[in-house]
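What follows is one structure encoded as structure tokens, with my remarks underneath.
Every number here is computed from the coordinates shown, using simple stated rules; none is lab data. Please read these numbers as outputs of a predicted model, since none were measured by experiment. Neighbour counts are summed over all protein chains in view; Cβ atoms, including those assigned to glycine, are modelled from backbone coordinates with ideal geometry.
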Amino acid sequence: MNEIIRKIEEEQLKAEVPEFRVGDTVKVYAKIREGNRERIQIFEGIVLKKQGGSVRATFTVRKNSNGIGVEKTWPLHSPSVERVEVVRRGKVRRAKLTYLRGRVGKRAKVKELVK
């Protein structure tokens, strides 16, 4: 039984997984279906967390929209996520940035990683 599940999951993996980390500012190109039409909507924000592995891997992105914090969680290998584009790298020292939820304005920023 375990082998059957593993084979099914391997078929659903994306060939190219985007390279991003927690703290990065990313643009997520998500497919939105409205009736019989399909379009792509861009969601730009900071990656708060990445979790899971293989097919079950998910990532959460947070942005500030009109003064209100909005978070969305996507499966990494989902067909509804067309691509993930890194806008800038963030310099963070933790795996989950849940502390950003309670911050507003400049305090909610993440320093840019300069190499």
Could you pull out the trypsin sites (Lys or Arg not before Pro) across the range 38-95 that fall in loop regions by DSSP (anything but H, G, I, E, B) with no more than 14 other Cβ atoms inside 10 Å?
-> Lys91, Arg93, Arg94
For Lys115, what is the net charge nearby, where nearby means another residue's Cβ is under 15 Å from its Cβ and Lys, Arg count +1, Asp, Glu -1?
-> +2
Over the alpha-carbon set of the chain, divide Rg by the Kirkwood Rh and report the Rg/Rh ratio to two decimals.
-> 1.02
Across 10 Å bins from the origin, how do the percents of Cα pairs in the range 54-96 run, short distances first?
-> 21, 47, 31, 1
How large is the helix-only mean residue ellipticity at 222 nm for the chain, computed as the sum of -39500 (n - 2.57) over DSSP H runs with n ≥ 4, divided by its residue count, in deg cm²/dmol to the nearest 500?
-> -3000 deg cm²/dmol
Take the chain, connect every pair of alpha-carbon atoms lying under 10 Å apart with a spring to form a Gaussian network, then pick out the residue of Ser78, Ser65, Ser54 with the largest mean-square fluctuation.
-> Ser65
Placing +1 at every Lys and Arg Cβ and -1 at every Asp and Glu Cβ, with all other atoms neutral, what dipole size does the chain have around its Cα centre, in debye to the nearest 20?
-> 960 debye
Residues meeting the amide H criterion for Gly90 (H placed from the backbone, H to H distance under 5 Å, 5 or more places apart or on another chain) are Asp24, Thr25, Leu113
Charge tally for neighbours of Ile42 with beta carbon under 14 Å away, counting Lys, Arg as +1 and Asp, Glu as -1, is +3
Which angle from 0 to 90°, rounded to the nearest 10, does the C-alpha axis of helix 2-12 make with the longest principal axis of the chain?
-> 60 degrees
For the range 20-112, with the dipole built from +1 on Lys and Arg beta-carbon atoms and -1 on Asp and Glu ones, taken about the Cα centre, which of Gly45, Ala95, Thr73 lies farthest toward the positive end?
-> Ala95
